[in-house]
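Participant: Sharing a structure, written as structure tokens. Questions coming.
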Amino acid sequence: MSELQREVSELEQKSATAARLFDIRRIIGGLFTLFGVIVTGAGIMASDADLKKAQGININLWTGLGMLALGLFFLVWLKLRPTAPPTPDA
């Protein structure tokens, strides 16, 4: 019986690890952070012609910074409030 309990315990641990790995906050946070870096870089390197098209507003810079803030918010949220492991049924 103890062998069966050990196997069940190992499977529960693997399931909890998989649930944390594929938490939607990690995916959203990672993608927004990555795209935020790319768009912010495009905003930093914007030419005068690009700024003129947007009526003097560096839209890539502001959008990229917003995306970075949102992505970092999701990643910090994930770090501060991790997913609880599933409780075994009685």
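Participant: Which condition number does Asp50 fail, the rest of (1) open to solvent by less than 50 Å² (accessible area, probe 1.4 Å); (2) in a helix (DSSP H, G or I); (3) at pLDDT below 95 being met?
Facilitator: For Asp50, the exception is condition (1).
Participant: Taking region 1-36 as the search range and keeping residues that are surrounded by 14 or more Cβ atoms within 10 Å (Cβ to Cβ) and β-branched (Val, Ile, Thr), which one is modelled with the lowest pLDDT?
Facilitator: Checking each candidate, the answer is Ile28.
Participant: Output the residues belonging to region 53-68 that are in a helix (DSSP H, G or I) and exposed (fewer than 13 other Cβ atoms within 10 Å of the Cβ).
Facilitator: Across region 53-68, the qualifying residue is only Lys53.
The values are calculated or read from the model by the stated rules, or taken from the named source; none is laboratory data. What you see is a predicted model, and the numbers here were worked out from it, not measured in a lab. Positions of Cβ are backbone-derived with ideal geometry, glycine not excepted, and every protein chain shown enters the neighbour counts. Only protein heavy atoms, including side chains, enter the accessible area calculation; ligands, DNA and RNA are left aside. Shrake-Rupley method; radii C 1.70, N 1.55, O 1.52, S 1.80 Å.
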